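Right, one structure below, let's go through it.
The values are calculated or read from the model by the stated rules, or taken from the named source; none is laboratory data. From a predicted model like this one, the values you see are computed outputs, not experimental measurements. Virtual Cβ from ideal backbone geometry, glycine too; neighbours counted across all protein chains shown. The area values use the complete protein model at the heavy-atom level, side chains included, leaving out ligands, DNA and RNA. Shrake-Rupley method; radii C 1.70, N 1.55, O 1.52, S 1.80 Å.
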Amino acid sequence: MTKTTLSTSQRKKPMNSKSKFEEWKARISEGKKSFAVLIDPDKIGNEQEAITIAKHCDANSVDWIFVGGSLLTRNNTKKVVESIKATTDIPVVLFPGDATQVCPSADILLFLSLVSGRNPEYLIGQHIKAAPIIKETELEVWPTAYILVESGKKTSVSYISNTEPIPSDKPEIASCTALASEMLGMKCVYLEAGSGAEHPVPEEMIRRVRKDMTLPLIVGGGIRSAEKAQQALIAGADMIVIGNAIEKNPGLMTEVSECILKMNRLDVHQ
């Protein structure tokens, strides 16, 4: 993997500027919910496709654009990120399956530790490989407790990572895992049903995790309607992430965005 070194002018940050994470926490403190769209670079055929999706996100007030996947085969991440960055000011968040997906052009990197599993490669192994590369960038790093939840079928992430998800009817296990992650110093928790999940993370599990720990909570996987998105947010998610469902139904982005904008105007709290 090639290490990218940025010039001093490229690396310099504005003085006294808030981090994106601080901005997000301030938003959460106001009771505002967030919407992220996940883009799999392998599914982007060309630059224009990435630009079109970015414009669609911009038009629908999407808060974050996640880029990444469990297994990428086309080495397309950099082109996709740069196309998005040239089109919109929406922050681009790397959602990496491994160290090869680090891209300095993005804004933020979720430093995912798969705390629901017991595979050391995804607890610390990939992090060791990525750390010196990340150090040479200006990526804002969010140490993230990544918790897989059983969703009705084996997903790509559980297969690739060789880990078992937490049973969907065991909210107490998810809660204890999230609480331990908070005590370990993680910045946020990501409850993930997985790409193409048959069922989203159960509301009862979201509520339990939200009740027992104080970190910002991201929920993704299996959210195929504005109703399911709203249920997850009311249950306690601070941010919901949708990927596959929007690929199959682009209109869903508008439906979910309108739902969240309405919730935020009404200041709906869990």
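Structure above, values below:
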read-out: Residue within region 104-117 that is within 18 Å of Ile240 (Cβ to Cβ), modelled with pLDDT of 95 or more and open to solvent by less than 20 Å² (accessible area, probe 1.4 Å) present; value: yes
read-out: Filter result for the condition that a residue is open to solvent by 60 Å² or more (accessible area, probe 1.4 Å) and within 18 Å of the chain's Cα centre (by Cα), over Lys55, Lys78, Lys129; value: Lys78
read-out: Any pair with Cβ under 7 angstrom, 6 or more apart, that starts in region 170-194 at a residue that is closer than 24 Å to Ser70 by Cα and ends at one that is assigned to a helix (DSSP H, G or I) and among the hydroxyl-bearing types (Ser, Thr, Tyr); value: Val189/Ser181; Gly194/Ser156; Gly194/Ser158
read-out: Only one of Leu139, Leu114 that is within 20 Å of Ala197 (Cβ to Cβ), in contact (Cβ under 8 Å) with a residue 40 or more places away in the chain and aliphatic (A, V, I, L, M); value: Leu114
read-out: In region 144-164, the residues that are surrounded by fewer than 23 Cβ atoms within 10 Å (Cβ to Cβ), β-branched (Val, Ile, Thr) and assigned to a loop (DSSP other than H, G, I, E, B); value: Thr163
read-out: Unique residue being in contact (Cβ under 8 Å) with a residue 12 or more places away in the chain, surrounded by fewer than 19 Cβ atoms within 10 Å (Cβ to Cβ) and touching an Asp or Glu at 6+ places or on another chain (Cβ under 9 Å) when the list is Ile234, Ile260; value: Ile234
read-out: Residue list for region 165-174, restricted to those being among the β-branched types (Val, Ile, Thr) and not in a strand (DSSP E or B); value: Ile173
read-out: Long-range neighbours under 7 Å by Cβ, at least six apart or interchain, first residue within 28 Å of Ile160 (Cβ to Cβ) within region 44-68, second modelled with pLDDT of 95 or more and aromatic (Phe, Trp, Tyr); value: Val62/Phe35; Asp63/Phe35; Phe66/Phe95; Val67/Phe95; Gly68/Phe95
read-out: Strands (runs of 3 or more DSSP E) contained in region 175-260 and holding at least 1 residues within 24 Å of Lys43 (Cα to Cα) and of a type in the set (Gly, Ala, Ser); value: 217-220
read-out: Every residue from region 178-203 that is at pLDDT 95 or above, surrounded by fewer than 20 Cβ atoms within 10 Å (Cβ to Cβ) and on the phi < 0 side of the Ramachandran plot; value: Leu179, Ala180, Glu182, Met183, Leu184, Lys187, His199, Glu203
read-out: Selection from region 13-50 of residues that are open to solvent by 30 Å² or more (accessible area, probe 1.4 Å) and under 27 Å from Gly251 (Cβ atoms); value: Arg27, Lys32, Leu38, Asp40, Asp42, Lys43, Gly45, Asn46, Glu47, Gln48, Glu49
read-out: Lys211, sole failed condition from (1) surrounded by fewer than 19 Cβ atoms within 10 Å (Cβ to Cβ); (2) under 25 Å from Lys153 (Cβ atoms); value: (2)
read-out: Test result for Thr100, among the β-branched types (Val, Ile, Thr) and either open to solvent by less than 30 Å² (accessible area, probe 1.4 Å) or part of a loop (DSSP other than H, G, I, E, B) (or both); value: no
read-out: Tally, over region 221-231, of residues that are open to solvent by less than 30 Å² (accessible area, probe 1.4 Å) and more than 15 Å from the chain's Cα centre (by Cα); value: 1
